[in-house]
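Enquirer: Could you have a look at this structure, given as C-alpha cells, before my questions?
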Amino acid sequence: MSELTAATTASIRLLTLGRTDYRATWAAMQRFTDARSEATDDEIWLTEHPPVYTLGLAGRIEHLHTPAGIDIVHSDRGGQITYHGPGQVVMYTLIDLRRRRLGARALVRLLEMAVIDCLAEYGVPAHGRVDAPGVYVGAAKIAALGLKLRRGASYHGLALNVSMDLSPFAGIDPCGFPGLAVTQTKALGIDQPADLLARHLAEVFIVLLQTNYPIPVE
C-alpha cells in the first residue's frame, strides 16, 4: 500500500494501487473510514487482487463448491460470494454519503450506471437487475457489487471482469445464484487493458457522482 499514484478531481482522490492483497486492502479501507472527518476527501481506489473468494455478510458457504486451493475470506461487505483475480478491475469507493446526500441504494445505482455507461461507450449494451445488484450483458454477469456503510461513509465497491481466467467462477454460485453465467470485456470485443479500462470506469463514475443525483438519503 506504500506505492500509490494519485490524481485529484475536485474533492475526490483517485488512487491506482496496482495488485494488492485483499485482506490488507480491506483493513486499509476500514482504517481510512474510521479516521476520516468531515473535511476528508472522498477516495476511489483502483486495484486488482490475487485469486481469492470473498463471502459477503449474506454469504453462505454452501455456495462455495470447489475452492481448488483458492483463499477464502469472510468479508464485511454486503452481498453473497464472488471471485477476485488478476485481470479483474476492482474499484473501491470510499465516499462520505452524508456529505453527498446519497443513500446506499443511490450509490449502488450510480455504480451500476457507471459500468453500463462505460461499456456503452465501447458499443456493449448492459443492464442492471432489480433482484440481483450488479451489471449484466444478456444473461451473463460482468460486474459484481458489494458495499459496507460505516459512520455515514462507504467502502468496498465493484469488480469488473476484464481479461481474466473465469474458471474459478465455476467453483461457486456467483453472488448466490446457481448456474449464473459470467462474462468479461475481452470476450465482448473490448480491446482495452485493465489499467486503462479501470481509469475510464473511475472517470465515468466520478462524473455521475458529481452530478449530484436528487436521490434522498435513506
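Every number here is computed from the coordinates shown, using simple stated rules; none is lab data. What you see is a predicted model; the values in this text were computed from it and never measured. All Cβ positions, even for glycine, are placed from backbone atoms using ideal geometry, and neighbour counts span all protein chains on display.
Enquirer: Considering amide H positions built from the backbone, and no H for Pro or chain starts, which residues 5 or more places from K141, or on another chain, come under 5 Å of its amide H?
Expert: Amide H to amide H, under 5 Å and 5 or more residues apart or across chains, K141 pairs with A181, V182, T183.
Enquirer: Below 8 Å, C-alpha to C-alpha, sequence gap of six or more: please give me the relative contact order for the chain in percent.
Expert: Numbers: 429 pairs, mean separation 48.7, N = 218.
Once normalised by length, the contact order is 22 percent.
Enquirer: With each label point set 7 Å from Cα along the Cα-Cβ vector, what nm distance links L57 and A187?
Expert: 3.1
Enquirer: Rounded to whole Å, give me the distance from the Cα center of the stretch 98-172 to that of the stretch 179-196.
Expert: 14
Enquirer: Right, another one. Calculated from the structure, Rg and Dmax of the Cα atoms in Å equals which of (i) 17.0, 56; (ii) 16.1, 46; (iii) 19.5, 60?
Expert: Correct label is (ii).
Enquirer: Can you list the HN-Hα couplings for the stretch 119-135, worked out from phi with the Karplus curve (6.51, -1.76, 1.60; θ = phi - 60°), rounded to whole Hz and with x for Gly and Pro?
Expert: Once θ is set to phi - 60°, the couplings for the stretch 119-135 become 5, 4, 5, 9, x, 10, x, 9, 7, x, 9, 5, 7, 8, x, x, 10 Hz.
Enquirer: If you don't mind, another one. Taking the Cα centre of the stretch 5-210 as the origin, how large is its charge dipole in debye, to the nearest 20, when only Lys and Arg (+1) and Asp and Glu (-1) carry charge on their Cβ atoms? Before the final figure, lay out the partial values.
Expert: On the way: 20 positive and 20 negative charges, 126 e Å.
Taking the Cα centre of the stretch 5-210 as origin, the dipole is about 600 debye.
Enquirer: Assuming R0 = 25 Å, can you tell me the calculated FRET efficiency for the pair T211 and H127, based on Cβ-Cβ distance, to the nearest 0.05?
Expert: Working from the Cβ atoms, E equals 0.80.
Enquirer: Separate question: Obtain the nm distance between the two label points defined at R101 and T40 by a simple spin-label model: each point lies 7 Å from its Cα along the Cα-to-C-beta direction.
Expert: A separation of 2.3 nm, rounded to one decimal place.
Enquirer: Can you work out ³J(HN,Hα) from phi for every residue in the stretch 45-59, in order, using Karplus 6.51 cos²θ - 1.76 cosθ + 1.60 and θ = phi - 60°, giving whole Hz and x for Gly and Pro?
Expert: Per-residue couplings from phi come out as 10, 9, 7, 9, 10, x, x, 7, 8, 10, 10, x, 4, 8, x Hz.
Enquirer: Let me ask you something else. Per-residue counts of other Cβ atoms within 10 Å, averaged by peptide: what ranking do you get for 140-146, 34-40, highest first? The partial results should precede the final answer.
Expert: Working: 140-146: 24.6, 34-40: 10.6.
Those peptides, ordered most packed to least, come out 140-146, 34-40.
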